[in-house]
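Chemist: First, the structure itself, so that you have it in front of you.
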Amino acid sequence: MVAPPETSWPHAVALGSTEFLYTDRVIGERSQLFCLLFAYGYPNDGSVPRLSRAAASPRDDGNAWAEFLRGVSGIPNFVVCDRGRDIMAGVRGAWGERVHVRLCEVTG
């Protein structure tokens, strides 16, 4: 079952991305094919958290993040993300200082 797309941002969202890379085995060069940007939403009404938005992008820089975040109306109260400059630049580019940012640690 696929959830309908979000029409507005929930109370809080966790943001992240992953890069899909390609290695040319002949010359050994590595290049980025695309990135997957995603937002996992936490509603304030007691409903179950869920994937709010995901999109493929040629890159995951600040401009790509800002465009991704503007793709849903409204502004969440909180954003949770790592210390990545690109995500932070996108959050500030899309919403300025109107959203509270909480930083997390990613352990691998």
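The values are calculated or read from the model by the stated rules, or taken from the named source; none is laboratory data. These figures come from a predicted structure and were not determined experimentally. Cβ: placed from backbone, ideal geometry, glycine included. Neighbour counts: every protein chain shown. Calculation scope for accessible area: heavy atoms of the full protein, side chains included, ligands and nucleic acids excluded. Shrake-Rupley method; radii C 1.70, N 1.55, O 1.52, S 1.80 Å.
Chemist: Please go through the stretch 71-82 and give me each residue that is farther than 12 Å from residue 99 by Cα and in contact with a Phe, Trp or Tyr (Cβ under 9 Å, 6 or more places away or on another chain), ordered by number. Let's see the steps before the verdict.
Modeler: So the first thing to find is which residues in the stretch 71-82 are farther than 12 Å from residue 99 by Cα, and the list is 71-73, 81-82.
72, 73 - these are the residues of the stretch 71-82 that are farther than 12 Å from residue 99 by Cα and in contact with a Phe, Trp or Tyr (Cβ under 9 Å, 6 or more places away or on another chain).
Chemist: Just one of (1) over 17 Å from residue 19 (Cβ atoms); (2) part of a strand (DSSP E or B) trips up residue 66, so point out which.
Modeler: (2)
Chemist: Does any residue of the stretch 23-31 turn out to be of a type in the set (Asp, Glu), open to solvent by less than 80 Å² (accessible area, probe 1.4 Å) and touching a residue at least 24 places away in the same chain (Cβ under 8 Å)? Working first, answer last.
Modeler: Of the residues in the stretch 23-31, the ones of a type in the set (Asp, Glu) are 24, 29.
Filter once more, keeping what is open to solvent by less than 80 Å² (accessible area, probe 1.4 Å): 24.
Narrowing further to those that are touching a residue at least 24 places away in the same chain (Cβ under 8 Å): none.
There is no residue in the stretch 23-31 that is of a type in the set (Asp, Glu), open to solvent by less than 80 Å² (accessible area, probe 1.4 Å) and touching a residue at least 24 places away in the same chain (Cβ under 8 Å).
Chemist: Name the residues in the stretch 89-105 that are out of contact with any Gly (no Cβ under 8 Å at 6 or more places or on another chain) and open to solvent by less than 50 Å² (accessible area, probe 1.4 Å), would you?
Modeler: 91, 94, 95, 96, 99, 101
Chemist: Is it true that some residue in the stretch 46-63 is touching a Ser or Thr at 6+ places or on another chain (Cβ under 7 Å), open to solvent by 40 Å² or more (accessible area, probe 1.4 Å) and within 16 Å of residue 10 (Cβ to Cβ)?
Modeler: So the first thing to find is which residues in the stretch 46-63 are touching a Ser or Thr at 6+ places or on another chain (Cβ under 7 Å), and the list is 60.
Right, trim to open to solvent by 40 Å² or more (accessible area, probe 1.4 Å) and you get none.
Checked the stretch 46-63: no residue is touching a Ser or Thr at 6+ places or on another chain (Cβ under 7 Å), open to solvent by 40 Å² or more (accessible area, probe 1.4 Å) and within 16 Å of residue 10 (Cβ to Cβ).
Chemist: Which one of these is of a type in the set (Asp, Glu) and touching a Gly at 6+ places or on another chain (Cβ under 6 Å): 61, 86, 82? If you could, list the steps in order and put the result at the bottom.
Modeler: Values: 61 fails: touching a Gly at 6+ places or on another chain (Cβ under 6 Å); 82 fails: touching a Gly at 6+ places or on another chain (Cβ under 6 Å).
Testing whether each residue is of a type in the set (Asp, Glu) and touching a Gly at 6+ places or on another chain (Cβ under 6 Å) leaves just 86.
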